[in-house]
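The values are calculated or read from the model by the stated rules, or taken from the named source; none is laboratory data. Just so you know, these numbers come straight off a predicted model, no measurement behind them. Glycine also receives a Cβ, built like all others from the backbone with ideal geometry; neighbour counts cover every protein chain displayed.
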Amino acid sequence: MNAQGLKFAIVVGRFNSVVTDRLLAGAIDALARSGCDPAAIEVVRVPGSWEIPIVLQTLAEARRHDAIIALSAVIRGDTPHFDYVAGQAASGVAQVSLASGVPIAFGILTTNTVEQAMDRAGLKSGNKGSDAAMTAIEMANLLKTLRAGR
Ligand code: INI
């Protein structure tokens, strides 16, 4: 996976930052290990998952990046709040990506517990931030190739 010469934005939620800081570190590490110049990574922090789609839209409209990575953690509580936040964040990511043509990797965790989220942020089950970054690299390269007609 080669990220040399590619530009990325990472949009990361501050809510549940004990989890999202790890997702962010995993994503940056994966990009760097794939040859991405640190200066080619723009990190944008937002309050929570709900705010991710509008920031993705603003970045996608600016057309500065080959791919964008969305990172956050929605953790189920005692009320239906989770369903609204997670549902809107997920559909917003898909909408912005399809409408803009900019690939957006979905690194938004939706879990029942903090433990499940931590497991997916570098403890037991890999790091989904890192996985999302690898997907972003692959999709940036794939869309460049398809657009060039090769
Ligand atoms: N935002 C998250 O990213 N994760 C959550 O688990 C969460 N919960 O549980 O409430 C959450 N809420 C905040 C939301 O994303 C907005 O920032 C807030 O509603 C203000 O618009």
### Message
Restricting to region 1-23, name every residue that is away from the ligand (no atom under 14 Å from the Cβ) and polar (S, T, N, Q).
### Response
ASN2, GLN4
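ARG45 - would you say it is at pLDDT 95 or above, buried (at least 20 other Cβ atoms within 10 Å of the Cβ) and among the basic types (Lys, Arg)?
Values: at pLDDT 95 or above: yes; buried (at least 20 other Cβ atoms within 10 Å of the Cβ): no; among the basic types (Lys, Arg): yes.
For ARG45, the condition - at pLDDT 95 or above, buried (at least 20 other Cβ atoms within 10 Å of the Cβ) and among the basic types (Lys, Arg) - is not met.
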### Query
Somewhere in region 131-149, is a residue within 16 Å of the ligand (Cβ to nearest atom) and without any contact (Cβ under 8 Å) to a residue 12 or more places away in the chain?
no
## Note on the structure
Taking region 91-129 and keeping residues among the small types (Gly, Ala, Ser) and in a strand (DSSP E or B) leaves ALA105, GLY107, ALA121
### Message
Looking at LEU31, LEU6 in this structure, which one is at pLDDT 95 or above, part of a helix (DSSP H, G or I) and within 17 Å of LEU142 (Cα to Cα)?
### Response
LEU31
### Residue list for region 34-54, restricted to those being in a helix (DSSP H, G or I) and either under 18 Å from LEU98 (Cβ atoms) or of a type outside the set (Asp, Glu) (or both)
PRO38, ALA39, ALA40, SER49, TRP50, ILE52, PRO53, ILE54
## Note on the structure
The condition from (1) buried (at least 22 other Cβ atoms within 10 Å of the Cβ); (2) under 15 Å from ILE10 (Cα atoms) that GLY92 misses is numbered (2)
### Among the residues listed as ASP66, ASP21, the single one being charged (D, E, K, R), modelled with pLDDT of 95 or more and closer than 19 Å to GLY122 by Cβ
ASP21
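Anything in region 55-78 that is assigned to a helix (DSSP H, G or I), surrounded by fewer than 22 Cβ atoms within 10 Å (Cβ to Cβ), of a type outside the set (Gly, Ala, Ser) and in contact (Cβ under 8 Å) with a residue 24 or more places away in the chain? List them, or say none.
VAL55, GLN57, LEU59, GLU61, listed by residue number.
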